[in-house]
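Asker: I am attaching a structure below and will ask some questions about it afterwards.
The values are calculated or read from the model by the stated rules, or taken from the named source; none is laboratory data. Predicted, not measured: the structure shown is a model, and the values here were computed from it. No Cβ is skipped: glycine too gets one built from the backbone with ideal geometry, and neighbour counts run over all protein chains shown. Please note that ligands, DNA and RNA were not included when accessible areas were found on the heavy atoms of the full protein model with its side chains. Shrake-Rupley method; radii C 1.70, N 1.55, O 1.52, S 1.80 Å.
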Amino acid sequence: MSSGLKLFLRQKKAVVGFIIITGLCLMALLAPVLAPGDPAQRVGRSHQPPTVEHVFGTTKMGRDVYSQFVWGARPSLAVGFATGLAITALGTAIGLISGYFGGRTDAVLDLTTNAVLVIPNIPLLILLASFAGTVGPMAIMAIIALTSWPWGARMTRAQALSLKNREFVVAARMVGEPWWRIVFVEILPNLVPLIGINLVGSIIYAIVAQTTLEYLGFGDPLNVTWGTMLYNAQNSSAIIVGAWWDIGAPALGIAIVGLGLALLNFTFDEIANPQLRSGPALSRWLRLNRLRARELRAAR
Amino acid sequence: MRIPLRRLGVYLAAFLFAILVNFTLPRLMPGSPVDSMIAQLGPRATPAAIEAIKARFGAVEQPIWQQFLDYLKGLATFDLGVSVKYYPQTVTEVLARSAGWTAFLVVTAVVFSLCIGVSLGAVAAWRRGGRFDAFVSPFSVVMIAVPPVIIALATLFTFGVTLRWFPVGYAYDPSLDPGINFTFFGSVFWHAIMPVLTLSPYMIGEFQTTMRSSMISVLGEDYVTMGRAKGLSDTAVMFSYAARNAMLPVMTNLALMLGAVFGGSIVTEIVFNYPGLGLTLFTASVARDYPVIQGQLLLMTMATLGANLLVDILYGVVDPRVQEGRT
């Protein structure tokens, strides 16, 4: 474990990503301390630029943008992380079952996976959301999870296919272990790096999709999230009147989450696939190579 | 030029799935959407219009399979129903008006990002571990993670509102008459710059990442070593030996990304008030114009499937091994 931790700590990008995500989560958890009071309360005049009293300015409705930003992190992050988990769980389960069983089960599941994969997600999300009317966070979660599992399922299936005839799996089968035990206890632990990548990617996707849906007005406008903040700012033409703080705060929040998660994912990718790594050892090797090439050319 | 039946089966299943969603969703909804649509029509609700909406959304006394057959028959003749917001225009007319602009936007952005992303990825793989790679590759991953809404709003604010470099709405100057002349094309080009720049970062990031990893594995192949051994220049080996083959995964990725690109174009068009499918979808969803929203899903599914099919065909052209393996 400590070697894994060391490997992680040596990756500066991962550490930065981890600090960003932890910091934002702490901010969300400590919202009552950091921004006491109701974020939906009118506290000042309309569209005031940032001052000492309202560090992020106010919205058109005279609400404190800082307070909304802090409180809005809660549902935005919670929905993003929960949906990401749901997508990963669904994708992993379907991919594993499809890959392990093969035959007709695989044919049906693989066909479904590929079919759902090629249907454009956002138009489908908009269709589902518009039939459901204004939807709460739970419905947004369900809609996103049900339409975005195929990426993970495809990756997991490929891995499961390559694992299912390894000795330890065959042995487990011979001992007479039930299928669910073989799949979820024998095979699953071998997929941990893949699941990690899938999870971070799914959280990123969930946050993108959630923001898009809420920005388009499918979220509950009374619920303060970063997405509905963007929606409200857009509706009060904040950009055109020059109230950049109104749009800037939630946009920055979402962009920073994206940055943190992307840095984490980049590192996971490199750990799982050493070929992609571009650490110091590789640079040294490349430099040596270049030197040797130069010497060869000089000798010629 | 053979495409395996399996792929065709997948596309057929995807299309059927989209149709089924369209068909069943309004029938499953509590509180039929039909009434709200008829209310939406207001004084324009002629008996014919009401009849058409009822038939399409299942408020008729017919067995469900009969309704489904009628629905399929309608689709086969490109009858997607009538728009509620723009009645008496049909959905096909409403979509046809804006599809061209979206196609223009998406194709321009894809070509632009493909050139940049693939070159960045190839160079990053060639010099992996170097300073270029250390900066460009993480940057690409970050670009994928930032929602298009954010990029669109930032672009609009910086270049549209603050610097006033580019126009902040419409596909061309509304005072111009559309025609085949330099001024009109110039205006179209000028208005497309910000939307295209907004759509690109995501795609450049995706292309760069895919190209880099596929290029890295290709660089280990024997034929690349062979090219080097022949004494070819770095550029020749990089582009005519390695990059050509490393492009294949990029193309698969392109076809699969198209759905996300459409998602991005919807948001971009709304932010920049660009008269494409996204803006139509947005006005339709605000007005609860269900027939248009449904037609949109079918159209975008068809576009994505078409692109996938095209990639399957191109794959065989670029890499003859694939075709041999299939026959």
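Asker: Quick one: count up the residues across region A:256-287 that are crowded, with 18+ Cβ neighbours inside 10 Å and at pLDDT 80 or above.
Answerer: Qualifying residue count for the region: 9.
Asker: I would also like to ask the following. Test of understanding: among B:193, B:204, B:150, B:216, which residue is of a type in the set (A, V, I, L, M, F, W, C) and touching a Lys or Arg at 6+ places or on another chain (Cβ under 9 Å)?
Answerer: Details: B:193 fails: touching a Lys or Arg at 6+ places or on another chain (Cβ under 9 Å); B:204 fails: touching a Lys or Arg at 6+ places or on another chain (Cβ under 9 Å); B:150 fails: touching a Lys or Arg at 6+ places or on another chain (Cβ under 9 Å).
Result: B:216 is the single residue among B:193, B:204, B:150, B:216 that is of a type in the set (A, V, I, L, M, F, W, C) and touching a Lys or Arg at 6+ places or on another chain (Cβ under 9 Å).
Asker: On to the next question. I'm told residue B:180 meets every condition in (1) modelled with pLDDT under 80; (2) within 27 Å of residue A:210 (Cβ to Cβ) except one. Can you identify the failing condition by its number?
Answerer: (2)
Asker: Considering region A:255-270 alone, what residues qualify as being more than 14 Å from residue B:205 (Cα to Cα), at the interface with another protein chain (Cβ under 7 Å from one of its Cβ atoms) and in contact (Cβ under 8 Å) with a residue 60 or more places away in the chain?
Answerer: A:261, the sole residue that qualifies.
Asker: While we're looking at this one, here's another question. Let me confirm something: among A:70, A:79, A:33, A:52, which residue is more than 25 Å from residue A:196 (Cβ to Cβ) and open to solvent by less than 20 Å² (accessible area, probe 1.4 Å)?
Answerer: A:70
Asker: Could you please give the count of residues in region B:154-174 that are at the interface with chain A (Cβ under 9 Å from one of its Cβ atoms) and either open to solvent by 60 Å² or more (accessible area, probe 1.4 Å) or within 29 Å of residue A:269 (Cβ to Cβ) (or both)?
Answerer: Selection size over region B:154-174: 3.
Okay, residues lined up against (1) among the aromatic types (Phe, Trp, Tyr); (2) over 30 Å from residue B:275 (Cβ atoms):
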residue: B:167; (1), (2): no, no
residue: B:185; (1), (2): yes, no
residue: B:192; (1), (2): no, no
residue: B:199; (1), (2): no, no
residue: B:209; (1), (2): no, yes
residue: B:223; (1), (2): yes, yes
residue: B:236; (1), (2): no, yes
residue: B:250; (1), (2): no, yes
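Asker: Restricting to region B:136-153, count the residues that are of a type in the set (A, V, I, L, M), more than 7 Å from chain A (Cβ to nearest Cβ) and in contact with a Ser or Thr (Cβ under 6 Å, 6 or more places away or on another chain).
Answerer: Here the count works out to 2.
Asker: Can I ask one more? With the condition kept exactly as written, say whether any residue in region B:60-75 is β-branched (Val, Ile, Thr), over 30 Å from residue B:197 (Cβ atoms) and over 28 Å from the mean Cα position of the chain (by Cα).
Answerer: Yes, the conditions are met somewhere in region B:60-75.
Asker: Could you list, ordered by first residue, the pairs with Cβ atoms under 6 Å in which the first is in region B:283-294 and more than 7 Å from chain A (Cβ to nearest Cβ) and the second is outside any helix (DSSP H, G or I) and among the β-branched types (Val, Ile, Thr), at least 6 apart or interchain?
Answerer: What qualifies is B:289/B:84.
Asker: Now for a different question. I'd like the full set of residues that are within 8 Å of another protein chain (Cβ to nearest Cβ), aliphatic (A, V, I, L, M) and open to solvent by less than 10 Å² (accessible area, probe 1.4 Å), limited to region B:258-270.
Answerer: B:266, B:267
Asker: Filtering region B:304-327 down to residues that are part of a helix (DSSP H, G or I) and open to solvent by less than 30 Å² (accessible area, probe 1.4 Å), which residue is modelled with the lowest pLDDT?
Answerer: B:316
Asker: Looking at (1) surrounded by 15 or more Cβ atoms within 10 Å (Cβ to Cβ); (2) assigned to a helix (DSSP H, G or I), which one does residue A:218 not meet, given that it meets all the others?
Answerer: It fails just one condition, (2).
Per-residue answers, yes or no, for (1) touching a helix residue (DSSP H, G or I) at 6+ places or on another chain (Cβ under 7 Å); (2) within 13 Å of chain B (Cβ to nearest Cβ):
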position: A:115; (1), (2): yes, yes
position: A:118; (1), (2): yes, yes
position: A:129; (1), (2): yes, yes
position: A:145; (1), (2): yes, no
position: A:153; (1), (2): yes, no
position: A:157; (1), (2): yes, no
position: A:162; (1), (2): no, no
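Asker: I've got another one for you. Collect the residues in region B:127-148 that are under 27 Å from residue B:195 (Cβ atoms) and either open to solvent by 50 Å² or more (accessible area, probe 1.4 Å) or outside any helix (DSSP H, G or I) (or both), keeping them in residue-number order.
Answerer: B:135, B:139, B:146, B:147 - these are the residues of region B:127-148 that are under 27 Å from residue B:195 (Cβ atoms) and either open to solvent by 50 Å² or more (accessible area, probe 1.4 Å) or outside any helix (DSSP H, G or I) (or both).
Asker: Here's something else I'd like to know. Among the residues of region B:175-210, which ones are of a type in the set (Gly, Ala, Ser), open to solvent by less than 80 Å² (accessible area, probe 1.4 Å) and not in a helix (DSSP H, G or I)?
Answerer: Across region B:175-210, the qualifying residue is only B:179.
Asker: Scan region B:108-115 and give yes if some residue there is part of a helix (DSSP H, G or I), in contact with a Gly (Cβ under 7 Å, 6 or more places away or on another chain) and surrounded by 24 or more Cβ atoms within 10 Å (Cβ to Cβ), otherwise no. Steps first, please.
Answerer: First, pick out the residues of region B:108-115 that are part of a helix (DSSP H, G or I): B:108-115.
Narrowing further to those that are in contact with a Gly (Cβ under 7 Å, 6 or more places away or on another chain): none.
So far as region B:108-115 goes, no, none of its residues is part of a helix (DSSP H, G or I), in contact with a Gly (Cβ under 7 Å, 6 or more places away or on another chain) and surrounded by 24 or more Cβ atoms within 10 Å (Cβ to Cβ).
Asker: With the requirement that a residue be among the small types (Gly, Ala, Ser) and surrounded by fewer than 19 Cβ atoms within 10 Å (Cβ to Cβ), what does region A:125-169 give you?
Answerer: Going residue by residue through region A:125-169, those that are among the small types (Gly, Ala, Ser) are A:129-130, A:132-133, A:136, A:139, A:142, A:145, A:148, A:152-153, A:158, A:160, A:162.
Of everything in region A:125-169, those that are among the small types (Gly, Ala, Ser) and surrounded by fewer than 19 Cβ atoms within 10 Å (Cβ to Cβ) turn out to be A:132, A:133, A:136, A:139, A:142, A:158, A:162.
Asker: Would you please name the residue that is farthest from the other protein chains (Cβ to nearest Cβ), looking only at residues in region B:271-282 that are open to solvent by 20 Å² or more (accessible area, probe 1.4 Å) and in a helix (DSSP H, G or I)? Working first, answer last.
Answerer: Step one: of region B:271-282, the residues open to solvent by 20 Å² or more (accessible area, probe 1.4 Å) are B:273, B:275, B:279, B:282.
Pick out the ones that are also in a helix (DSSP H, G or I) and you get B:279, B:282.
Values: B:279: 11, B:282: 6 Å.
Within region B:271-282, the match that is farthest from the other protein chains (Cβ to nearest Cβ) is B:279.
Asker: Do the conditions hold for residue B:255, that is, is it open to solvent by 10 Å² or more (accessible area, probe 1.4 Å), within 12 Å of the chain's Cα centre (by Cα) and at the interface with another protein chain (Cβ under 10 Å from one of its Cβ atoms)?
Answerer: no
Asker: Quick check on my filter: what residues within region A:209-254 are free of Cβ contacts under 8 Å to residues at least 12 places away in the same chain, among the aliphatic types (A, V, I, L, M) and either out of contact with any Leu (no Cβ under 8 Å at 6 or more places or on another chain) or more than 8 Å from chain B (Cβ to nearest Cβ) (or both)?
Answerer: A:240, A:252
Asker: Open to solvent by 20 Å² or more (accessible area, probe 1.4 Å), within 30 Å of residue A:71 (Cβ to Cβ) and not in a helix (DSSP H, G or I): does that describe residue A:208?
Answerer: Working: open to solvent by 20 Å² or more (accessible area, probe 1.4 Å): yes; within 30 Å of residue A:71 (Cβ to Cβ): yes; not in a helix (DSSP H, G or I): no.
Considered against the rule, which asks whether it is open to solvent by 20 Å² or more (accessible area, probe 1.4 Å), within 30 Å of residue A:71 (Cβ to Cβ) and not in a helix (DSSP H, G or I), residue A:208 comes out as no.
Asker: When you scan region B:220-252, how many residues do you find that are in a helix (DSSP H, G or I), open to solvent by 60 Å² or more (accessible area, probe 1.4 Å) and within 14 Å of chain A (Cβ to nearest Cβ)?
Answerer: 4
Asker: Looking at region A:21-28, can you tell me whether even one residue there is open to solvent by 60 Å² or more (accessible area, probe 1.4 Å) and touching a helix residue (DSSP H, G or I) at 6+ places or on another chain (Cβ under 8 Å)?
Answerer: no
Asker: Also: Of all residues in region B:250-266, which are touching a residue at least 60 places away in the same chain (Cβ under 8 Å) and farther than 17 Å from residue B:100 by Cα?
Answerer: Of everything in region B:250-266, those that are touching a residue at least 60 places away in the same chain (Cβ under 8 Å) and farther than 17 Å from residue B:100 by Cα turn out to be B:250, B:251, B:252, B:254.
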